[in-house]
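The structure appears below as structure tokens.
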């Protein structure tokens, strides 16, 4: 997750700062409040969703040789991708409870993976 965070700095830098600069120059104003949060949320959904749908891996997951698949081992559907993304937020923001869940889970899966019908698998 730490490595993924470093990669996200670049993604968010490009996808948020650039539009903010352009808006600021063109309209003398920037996105604020709820619009800015919605933009961030959408950019991250597009980043994760596209990579999970395309190959089941983000750049960090490729490095660590981990792939996201459906619970039955097949490729992810769009519904599962969106559901996992939405469930991951409370899993992280509520003190990481969804991540700590993996310590007690019989398959060592995160809570948001259990609920979304997805799982992380180690590649050989």
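Consider the range 85-124 and keep the residues that are at positive phi and surrounded by fewer than 15 Cβ atoms within 10 Å (Cβ to Cβ). The one that is nearest to the chain's Cα centre (by Cα) is 96.
Looking for something at negative phi, part of a helix (DSSP H, G or I) and modelled with pLDDT of 95 or more - is there at least one such residue anywhere in the range 21-33? The answer is no, given that none of the residues of the range 21-33 is at negative phi, part of a helix (DSSP H, G or I) and modelled with pLDDT of 95 or more. Consider residue 32 carefully, then state whether it is in contact with a strand residue (DSSP E or B) (Cβ under 8 Å, 6 or more places away or on another chain) and without any contact (Cβ under 8 Å) to a residue 40 or more places away in the chain. Answer is no for this residue.
Annotation: of all residues in the range 62-74 being surrounded by 13 or more Cβ atoms within 10 Å (Cβ to Cβ) and touching a residue at least 12 places away in the same chain (Cβ under 8 Å), the one that is nearest to residue 9 (Cα to Cα) is 64. Of the numbered conditions (1) in a helix (DSSP H, G or I); (2) in contact with a strand residue (DSSP E or B) (Cβ under 7 Å, 6 or more places away or on another chain); (3) within 17 Å of residue 78 (Cα to Cα), residue 61 fails exactly one; give the number of that condition. Result: residue 61 fails condition (3) only.
Inspect all residues belonging to the range 36-58 and state whether any of them is free of Cβ contacts under 8 Å to residues at least 60 places away in the same chain and part of a strand (DSSP E or B). The answer is no; no qualifying residue exists.
The values are calculated or read from the model by the stated rules, or taken from the named source; none is laboratory data. On a predicted model such as this, the values are computed, not experimentally measured, just so you know. Because the Cβ atoms are built from the backbone with ideal geometry, glycine has one as well, and the counts that use them run over all protein chains shown.
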